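Single-structure report; data block below.
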Amino acid sequence: MAARFLASGYTVYGVQRSREHAQELIDQGLQWRNSPREVTEAANVVFTSVPDDGALEEVASGPDGILAGLAKGKTWVDVSTVSPQLSRELAGRARAQNVAMLDAPVSGSVPQVQAGALTIMVGGDETAYGEIEPLLRELGTPNYVGDNGQGLALKLAINISLAVQMLAFAEGLLLAERSGVDRQRALEIMEASPIGSPMLRARASIILDPPEEAWFDLRFMHKDIELALDTARKLGIPLPTAERADEVLERAEALGYERRDLAVLFQALEQIASGDG
């Protein structure tokens with residue numbers, strides 16, 4: 001995302017846990033700062049993209065956090081997938097400082113990021129959304145959803161389908177292969193059939209040989225499914241397919257696949273079926 005803003009000519013300030021991990025962006029023009037507060041003080045629009053609730057709370061709070069650097073006229077956009085509850089709490093703290101915070105989780109993996117084709121769900125103040133919508137269009141297609149937390153609720157709803165689709169596809173492919181169908185032929189026909197969603201078609205080339213560098217870590221998907229289940233419990237609604245996906249994702253993590261792409265569910269099922277899991 002930062003690379004796309006840089007390529008479009010924006011001045012981009014940034015910080016990561018390690019400067020080494022940001023060196024490629026620094027070489028492209030990113031202006032390094034030493035803390036989230038320093039980034040916030042330098043920029044008019046602050047983006048955060050972190051893996052979970054703990055990381056977001058960490059970069060938001062304390063003397064070097066985002067909230068310490070926020071001032072009237074700035075906007076905070078969090079594109080992380082975290083709990084709607086935490087996001088609403090942070091938005092309230094930002095609002096007390098006369099600053100709008102928007103939850104703007106994104107749907108898409110590495111190819112969509114690089115192409116600027118992410119789907120973005122935005123919750124929060126509609127006026128603030130209107131002001132930064134052109135910026136979000138550098139990343140993909142923004143969609144205003146409603147109040148704070150609602151963008152995240154919709155993202156979790158989408159990720160239920162992503163996890164369940166990938167699991168169902170892996171199950172079907174394993175069934176076909178163990179029935180004697182050539183696995184590559186089965187994959188091609190399944191991909192071209194009505195079940196071949198954009199997500200599955202995008203991953204078809206890596207299902208049989210997932211890359212070492214994940215498009216979307218299995219552990220992050222597992223985290224998102226657990227967030228969805230927690231949200232559902234608070235709402236008193238059942239999510240039976242998400243519950244089953246949660247079980248399989250947990251087992252895949254235990255087998256050592258946590259940092260591999262979600263497509264590795266097929267390999268995890270193969271290992272389980274062979275009695276090794």
Worksheet item: Taking interchain pairs and intrachain pairs at least six residues apart, which have beta carbon atoms under 9 angstrom, with the first residue in region 15-36 and surrounded by 17 or more Cβ atoms within 10 Å (Cβ to Cβ) and the second of a type in the set (Val, Ile, Thr) and assigned to a strand (DSSP E or B)?
Response: PRO36/VAL46; PRO36/THR48
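Residues to consider are ALA163, ALA168; find the one that is crowded, with 19+ Cβ neighbours inside 10 Å, under 28 Å from LEU229 (Cβ atoms) and modelled with pLDDT of 95 or more. Give the derivation first.
Numbers: ALA168 fails: crowded, with 19+ Cβ neighbours inside 10 Å.
Going through ALA163, ALA168 in turn, the sole match is ALA163.
Inside region 1-120, counting only helices (runs of 4 or more DSSP H) that do not spill past its ends, which hold 1 or more residues that are in contact with a Pro (Cβ under 6 Å, 6 or more places away or on another chain)? First the steps, then the outcome.
On the way: elements: 2-7, 23-27, 36-42, 53-60, 66-69, 84-95, 110-115.
Those helices (runs of 4 or more DSSP H) span 53-60, 66-69.
Output the residue which, of all residues in region 247-258 that are in a helix (DSSP H, G or I) and in contact (Cβ under 8 Å) with a residue 40 or more places away in the chain, is surrounded by the fewest Cβ atoms within 10 Å (Cβ to Cβ).
As a first pass, look at region 247-258 and keep what is in a helix (DSSP H, G or I): 247-257.
Filter once more, keeping what is in contact (Cβ under 8 Å) with a residue 40 or more places away in the chain: 248-249.
Numbers: VAL248: 21, LEU249: 27.
Checking each candidate, the answer is VAL248.
Suppose the filter is surrounded by fewer than 21 Cβ atoms within 10 Å (Cβ to Cβ), free of Cβ contacts under 8 Å to residues at least 12 places away in the same chain and of a type in the set (Ser, Thr, Tyr); does SER205 pass it?
Working: surrounded by fewer than 21 Cβ atoms within 10 Å (Cβ to Cβ): yes; free of Cβ contacts under 8 Å to residues at least 12 places away in the same chain: yes; of a type in the set (Ser, Thr, Tyr): yes.
Spelling it out, SER205 is indeed surrounded by fewer than 21 Cβ atoms within 10 Å (Cβ to Cβ), free of Cβ contacts under 8 Å to residues at least 12 places away in the same chain and of a type in the set (Ser, Thr, Tyr).
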Worksheet, complete the sentence: The lone condition ASP261 fails out of (1) over 26 Å from VAL82 (Cα atoms); (2) surrounded by 19 or more Cβ atoms within 10 Å (Cβ to Cβ); (3) modelled with pLDDT under 95 is (1)
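The values are calculated or read from the model by the stated rules, or taken from the named source; none is laboratory data. Keep in mind that what you see is a predicted model, and the values were worked out from it rather than measured. Glycine gets a Cβ as well: all are built from the backbone with ideal geometry, and neighbour counts include every protein chain shown.
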